[in-house]
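Structure first, commentary second.
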Amino acid sequence: MSAARRCGPPRALAGLFVWHLPKPAVRQMPCKFMHYCGVVNKRWITFQHLNFLKRMYVTQYNKDLSQQAKPKSDPVAPPFLEKKHLGQEKTVIHEIRPVSPLHPPSSETSNRNEFKAVNSAAIVEDLATAIGAESKEEKQWKEMKLQLDDLPGILARLSKIKLTALVVSTASAGFAMAPIPFDLTCFLLTSIGTGLASCAANSINQFFEVPFDSNMNRTKNRPLVRGQISPLLAVSFAASCAVPGIALLTLGVNPLTGALGAFNIFLYTCCYTPMKRMSIINTWVGAVVGAIPPIMGWTAATGSLDAGALLLGGILYSWQFPHFNALSWGLREDYSRGGYCMMSVTHPAMCRRVALRHCLALIGLSTMAPILDVTTWNFPLISLPINLYISYLGFRFYRDADRSSSRKLFFCSLWHLPMLLLLMLTCKKSLLEKEDKSELLS
């Protein structure tokens with residue numbers, strides 16, 4: 001009974017064992033067994049343990065019962081080729097993704113698609129490599145051979161042939177507006193000399209601005225930037241234009257016109273060109289450079305500086321501001337990359353204001369022409385519509401400050417100047433009218 005008390009809950013079973021077992025040590029065994037069962041009950045082997053033991057048994061002692069799975073096929077297809085040098089033999093290992101055993105038809109189609117993708121990728125890679133090699137070869141420095149057939153076109157671009165043509169035309173207009181009889185020989189000498197002086201100034205300008213022109217989209221294809229000609233050839237061409245040009249103007253026309261031509265070359269190359277990277281005053285200096293050719297034409301015809309010459313120079317001076325400011329407005333990024341100080345880049349409000357101011361100044365200068373006895377009073381009247389129109393576009397540019405308005409103003413300035421000079425020529429006072437007026441005054 002004492003053993004039964006110590007055993008706890010299973011008293012009947014303990015008493016039964018105690019009754020049949022005579023020895024005291026044996027009598028305590030049922031109690032110890034039940035105590036052991038109670039302790040081990042918390043760590044009893046579960047179904048998962050038995051399942052694990054079964055799998056271990058199947059794996060270790062009965063390998064024939066293991067799951068029969070289809071072995072993986074040896075890799076046959078290459079996404080890339082990998083060479084392994086084993087002694088003297090070269091083997092190519094092709095790797096593909098493992099094929100799923102459950103769906104063989106879809107895996108075969110996927111393998112075909114992979115083959116096609118790999119082949120197309122290889123072809124694209126080869127093409128990209130070839131294109132990269134070609135572009136690398138293009139970027140390398142190459143020796144450019146100068147052909148004699150290309151030399152006239154290269155020199156024409158070096159001298160800015162269109163700008164030179166504009167300079168010669170304004171000088172011709174100044175010669176034609178002079179109140180003297182027309183002299184064809186003097187006119188031709190003036191035109192040729194002015195053209196040569198302009199070619200020289202433009203060539204020297206490009207020679208100085210090669211490092212800056214290479215940063216601008218508008219000027220990166222110039223001959224010196226692309227290396228089509230050497231700097232020595234450019235300077236030689238400029239000298240071969242400047243010397244005979246100034247000589248023609250000085251000896252063939254008159255010294256005053258030759259001095260104006262030499263001064264204009266100096267002003268354009270030694271003042272305007274370096275000032276483009278220093279201050280916005282370069283725009284006003286450039287306008288003076290553009291205003292001198294019609295004065296040269298007048299002085300070539302008359303041999304003196306009169307009020308009519310200054311009037312023509314004033315018209316060209318004012319016309320250049322709407323023309324150039326509108327042009328530079330659409331090239332602000334280019335001028336900024338090139339390092340040029342332009343009003344459109346550093347002072348955009350001033351750029352638009354100055355353009356509008358000089359558009360209105362053209363109306364006043366046109367009114368001054370009959371007062372200075374250069375034209376009749378018909379000229380201010382018939383030139384008023386085109387002057388009002390360019391002033392309207394200048395106001396639009398000032399108000400809107402966009403590329404569209406600047407482009408319209410620029411293209412208007414291209415036809416406005418020749419139209420204004422043509423109207424001025426048609427309304428020119430004849431020499432007889434001036435003689436009659438001078439006689440009446442005397």
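Taking all protein chains as shown and a probe of 1.4 angstrom, Val243 keeps an accessible surface of around 100 Å².
Rounded to the nearest Hz, the phi-derived 3J(HN,Hα) couplings of segment 208-216 under the Karplus curve 6.51 cos²θ - 1.76 cosθ + 1.60 (θ = phi - 60°) are 6, 9, 4, x, 8, 5, 5, 8, 10, where x marks glycine and proline. Amide H contacts for Thr375 (H built 1.01 Å from N in the peptide plane; partners 5 or more residues away or on another chain; cut-off under 5 Å): Lys429.
Taking square-rooted eigenvalues a ≥ b ≥ c of the alpha carbon gyration tensor, is segment 224-369 rounded, prolate or oblate, where a/c under 1.5 means rounded and, failing that, a/b exceeding b/c means prolate? The shape class here is oblate.
Give the ranking of Lys428, Lys276, Lys220 by solvent-accessible surface, highest area first, calculated with a 1.4 Å probe.
On the way: Lys428 60, Lys276 20, Lys220 90 Å².
Highest to lowest solvent-accessible surface, that is Lys220, Lys428, Lys276.
Is the C-alpha gyration tensor of segment 300-410 telling us rounded, prolate or oblate? Criteria: a/c under 1.5 is rounded; beyond that, a/b larger than b/c is prolate, otherwise oblate.
Values: a/c = 3.30, a/b = 1.74, b/c = 1.90.
Oblate is the answer for segment 300-410, as a/c is 1.5 or above yet b/c matches or exceeds a/b.
Counting heavy atoms of the protein chains only and a 1.4 Å probe, report the per residue accessible area for segment 151-191 as a whole number of Å². It would help to have the intermediate numbers written out before the result.
On the way: 1910 Å² over 41 residues.
With the other protein chains kept in place, segment 151-191 gives 46 Å² per residue.
Measuring with a 1.4 Å probe in the full set of protein chains, what accessible area per residue, in whole Å², belongs to segment 266-383? Before the final figure, lay out the partial values.
Working: 4190 Å² over 118 residues.
I get 35 Å² per residue for this part.
Rolling a 1.4 Å probe over the protein chains gives Thr250 an accessible area of about 50 Å².
For segment 181-274, with all protein chains present and a 1.4 Å probe, just round the carbon and sulfur fraction of the accessible area to a whole percent. Don't skip to the end; give the middle numbers.
Numbers: 3050 of 4180 Å².
After summing per-atom areas, the C and S share lands at 73 percent.
Surface calculation, 1.4 Å probe, protein heavy atoms: Arg403 sits at approximately 90 Å² accessible. Given a cut-off of 25 Å, name the pairs among Lys408/Lys428; Lys160/Lys428; Lys162/Lys429; Lys220/Lys276; Lys160/Lys429; Lys162/Lys276 whose C-alpha atoms lie farther apart than that in the structure shown. Beyond 25 Å: Lys408/Lys428; Lys160/Lys428; Lys162/Lys429; Lys160/Lys429. Of the peptides 412-418, 259-265, the order by per-residue mean of other Cβ atoms within 10 Å, starting with the highest, comes out as 259-265, 412-418.
The values are calculated or read from the model by the stated rules, or taken from the named source; none is laboratory data. Computed from a predicted structure; not experimentally measured. Here the Cβ is made from the backbone with ideal geometry for all residues, glycine too, and neighbour counts use every protein chain on show. Surface accessibility is based on the protein's heavy atoms, side chains included, excluding ligands, DNA and RNA. Shrake-Rupley method; radii C 1.70, N 1.55, O 1.52, S 1.80 Å.
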